[in-house]
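Following: one structure in structure tokens, then a few remarks.
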Amino acid sequence: MSTPIAVRIADQIRNGGPISVAAFMTQAMFDPRDGYYATKNPIGAGEDFVTAPAVSQMFGELIGLWCAQVWMDMGKPVPFHLVELGPGTGQMMSDIVRAGRAVPGFLDAARITLIEASAALKMVQGRTLTPMGIEAVWMNRIEEVPGGPAVFIGNEFLDCLAVRQAVKQDGHWHERMVGLDDGGAFTFVMGPQLGQEADLVPDRLRDAPDGTLVELRPGDRQVVEVLSRRFAEYPGRALFIDYGPAQSEAGDTFQAIRDHQKADPLNAPGTADLTARVDFEQLGKSARESGLQTAGPVEQGDWLKALGLEMRAAALMRSSPEKKSVIARQVMRLTEPDQMGSLFKVMTFSAPGLPKAPGFAGDG
Ligand code: SAH
């Protein structure tokens, strides 16, 4: 199917040759006029995909209490920045605030900042939060957040960051690019040998045999660098929840979701959500190399249970007995290994010197 972005990318390839998977992904998602996120809100049961905050209010509420605990562990700084990366519909932030009201001083101290690239989603977030009396400021990039103590959270943010792909050939990594086949359709083609970017190849996969496909995540590296610079100067902790393996895995995970179904990521760019799995092993490694303390990854199901999901569910069931089976299903959806419980992982990055992050056993 031809879309305005497909026409533009095809022209670009005819004129300048194949483009990287990352360039394709960025245009398909964030072209200001026709990009997937530029034009609509894709999140919800009637839309293209459902995320944990849309499954249940309990998810954002537990994260709200997590943020409040981190704030207390930092010594209750006033003010501090409460920053959400990629807030989608604003649902999670509204649940965070509702739960945060139980913690004296927490919301008064919080300067709520939303990092959002999509103008359409900024509007949706405003419509969710303004009626609740929540004052927030919007920024386009994480680098823009002013100095000071901060808590960062991002659910399904990292999976949206553009990935590059490479395949090993004759002992060297070559970039896998997007070109055109004889019929004018997008197709993957082999590009030049990677230069310096080869150091983004996950350490575990460096010595993989010829034919191995790997994904490079320059966006993760950039987020880690911004946080490490910031946390060297100011106290803070960042929480990321996303889907992906605990150990680096080879293979193509670049995928499209449209109408809750997997679709061909090269077909009809701008009309489907494009993501790739987060590599938590490499993410943690690059964070520690940048001087951050890390905890996790732990599985989302275990983490939510450690934070008291089941108790929260029982309390909701007592106050709304007619919703008992709905709430039970929500808990299963968030925690069961064959649903979101295992594939989704939780990880934190922290400034040195903070106590152990809530919900993480063992390391701090
Ligand atoms: N956290 C929400 C939404 C997940 S979808 C939820 O769990 O429901 C991904 C979100 O990240 C969207 O709001 C999208 O517009 C935003 N986003 C993706 N890449 C971004 C980037 N590079 N900068 C800012 N926002 C981005």
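Of 76/356; 285/356; 305/345; 76/285; 40/122; 285/345, which sit over 20 Å apart, Cα to Cα?
76/285
What Kirkwood hydrodynamic radius do you get for segment 214-364 when you take the inverse of the mean 1/r over all pairs of distinct Cα atoms, in Å?
17.4
Just add up the charged neighbours of residue 291: K/R +1, D/E -1, any other residue whose Cβ is under 15 Å from the Cβ of residue 291. Don't jump to the answer; show the numbers that get you there.
Values: positive: 221, 229, 230, 237, 285, 288; negative: 225, 233, 289.
Result for the local shell: +3.
Give me the angle, in degrees from 0 to 90, between the Cα long axis of helix 119-129 and the longest principal axis of the Cα atoms of the chain, rounded to the nearest 10.
10
Can you tell me the 0 to 90 degree angle between the C-alpha axis of helix 324-335 and the longest principal axis of the chain, rounded to 10?
Once rounded, the angle reads 50 degrees.
What does the charge count around residue 280 come to, taking other residues whose C-beta lies under 11 Å from its C-beta (Lys +1, Arg +1, Asp -1, Glu -1)?
-2
7 Å from Cα along Cα→Cβ at both residue 229 and residue 196: what's the point-to-point distance in nm?
Taking the simple label geometry, residue 229 and residue 196 are separated by 1.5 nm.
Evaluate E = 1/(1 + (r/R0)^6) for residue 264 and residue 98, where r is the Cβ-Cβ distance and R0 equals 30 Å; express this FRET efficiency to the nearest 0.05.
Rounded to the nearest 0.05, the efficiency is 0.15.
Between the alpha-carbon centers of segment 134-188 and segment 31-53, tell me the distance in whole angstrom.
17
Which FRET efficiency, nearest 0.05, do residue 289 and residue 339 yield, Cβ-Cβ r, R0 35 Å?
My answer for the efficiency is 0.55.
Would you kindly state how much longer the chain becomes between residue 30 and residue 255 on full extension, computed as 0.36 nm times their sequence separation minus their alpha carbon distance, in nm to one decimal?
79.4 nm
What list of ³J(HN,Hα) couplings, whole Hz, do you get for segment 179-187 from phi and the Karplus terms 6.51, -1.76, 1.60, once you set θ to phi - 60° and write x for glycine and proline?
These are the phi-based 3J(HN,Hα) values: x, 10, 8, 4, x, x, 8, 5, 8 Hz.
With a point put 7 Å past each Cα toward its Cβ, work out how far residue 76 is from residue 182 in nm, to one decimal.
7.4
Based on Cα positions only, what radius of gyration and what Dmax would you give for segment 55-140, in angstroms?
Over segment 55-140's Cα set, Rg and Dmax evaluate to 12.3, 37 Å.
For a Förster distance of 30 Å, can you work out the FRET efficiency between the beta-carbons of residue 206 and residue 11, rounded to the nearest 0.05? List each step's numbers first, then the result.
Working: r = 37 Å, r/R0 = 1.22.
Approximately 0.25, to the nearest 0.05.
Give the angle, between 0 and 90 degrees and rounded to the nearest 10, that separates the Cα long axis of helix 4-16 from the longest principal axis of the Cα atoms of the chain.
50
Taking the Cβ of residue 150 as the center, what net charge do the other residues with Cβ under 12 Å away carry, scoring Lys and Arg +1 and Asp and Glu -1? Mind dumping the intermediate values first?
Working: positive: 111, 230, 237; negative: 84, 233.
So the surrounding residues net to +1.
Excluding residues fewer than 8 places away in the same chain, name every one of the aspartates and glutamates whose C-alpha is closer than 17 Å to that of residue 323.
Within the straight-line limit of under 17 Å, residue 323 reaches these aspartates and glutamates: 310.
So what are the radius of gyration and Dmax for the Cα set of the chain, in Å?
20.7, 65
Distance in nm between label sites at residue 108 and residue 319, each 7 Å beyond Cα in the beta-carbon direction?
2.3
Provide 164, 101, 288 in ascending order of the number of other Cβ atoms located within 10 Å of each residue's Cβ, fewest first.
101, 288, 164
What is the order of 39, 275, fewest Cβ neighbours within 10 Å to most?
Result, fewest neighbours first: 39, 275.
In deg cm²/dmol and to the nearest 500, what is the mean residue ellipticity at 222 nm of the chain if only DSSP H runs of at least 4 residues count, each as -39500 (n - 2.57), divided by the residue total?
Numbers: 13 runs with 127 residues, N = 364.
Helix contribution divided over all residues of the chain: -10000 deg cm²/dmol.
Each reported figure results from applying straightforward, stated rules to the coordinates on display, with no laboratory input. The structure presented is a predicted model; accordingly, all values stated were derived computationally and were not measured. As a convention, Cβ positions derive from the backbone with ideal geometry for all residues, glycine included, and neighbour counts pool all protein chains shown.
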